[in-house]
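To keep things clear, I will list the structure first and then write my remarks on it.
The values are calculated or read from the model by the stated rules, or taken from the named source; none is laboratory data. Since the structure is predicted, the reported quantities are computational estimates derived from the model, not experimental observations. We place every Cβ from the backbone using ideal geometry, glycine too, and count neighbours over all the protein chains shown.
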Amino acid sequence: MEKVFVDTDVCIDLLSGRMPFNKNAEILFSLADKKKIKLYVSSLSFSNIDYVLQSQYAASHSRQLIGKFKTLVNVLSVDSKTIDLAIASNFNDFEDAIQYSCAIENNLSTLLTRNIKDYKKASISILTPESFLALIIKN
């Protein structure tokens, strides 16, 4: 089964209905719901998701969405080693460095994001949800 790390932007696309990106996010998370792929997110993603969703929804509705979302993903811890790796990385965006380090620490070889340019220095496969879906549909 394919295992991939999902960056926060893709999660927000799904939960906020951010068009036109929500369509690929819906397909991606639907595949996880059907147990065809396994999706991983960092624990950091949840605070970022809640922050964004609360600008769109009431806090209670945001938490309800996050609760349902959590059933679709595997949550990976952001620990001291993850932070040390992010600090030592050559990523310009620290949040991206944390996400990337979390994926690396958990031996995940694919990270999905819409911000490909932020991961130019990555040593693992960085794909958009659209590119990833095209690859797995071919296979």
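Miscellaneous remarks
Conditions tested, residue by residue: (1) over 24 Å from G17 (Cβ atoms); (2) in contact with a helix residue (DSSP H, G or I) (Cβ under 7 Å, 6 or more places away or on another chain).
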residue: S55; (1), (2): no, no
residue: G67; (1), (2): no, no
residue: L72; (1), (2): no, yes
residue: T82; (1), (2): yes, yes
residue: L135; (1), (2): yes, no
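- Once the stretch 17-26 is narrowed to residues that are assigned to a helix (DSSP H, G or I) and within 14 Å of the chain's Cα centre (by Cα), the residue that is modelled with the lowest pLDDT is N22.
- Count of the stretch 52-86 residues, restricted to those that are exposed (fewer than 12 other Cβ atoms within 10 Å of the Cβ), within 19 Å of the chain's Cα centre (by Cα), in a helix (DSSP H, G or I) and not basic (K, R), is 1.
- G67 fulfils the conditions (1) in contact (Cβ under 8 Å) with a residue 24 or more places away in the chain; (2) within 22 Å of Q99 (Cα to Cα) except for a single criterion, (1).
- Subset of the stretch 20-40 [within 13 Å of V10 (Cα to Cα) and in contact with a Leu (Cβ under 7 Å, 6 or more places away or on another chain)]: N22, N24, A25, E26, I27, L28, F29, L39, Y40
- If you go through the stretch 90-108 and pick out every residue that is free of Cβ contacts under 8 Å to residues at least 24 places away in the same chain and part of a loop (DSSP other than H, G, I, E, B), you end up with 1.
- Here K3 passes the criteria (1) at pLDDT 95 or above; (2) of a type outside the set (A, V, I, L, M, F, W, C); (3) not in a strand (DSSP E or B) except the one numbered (3).
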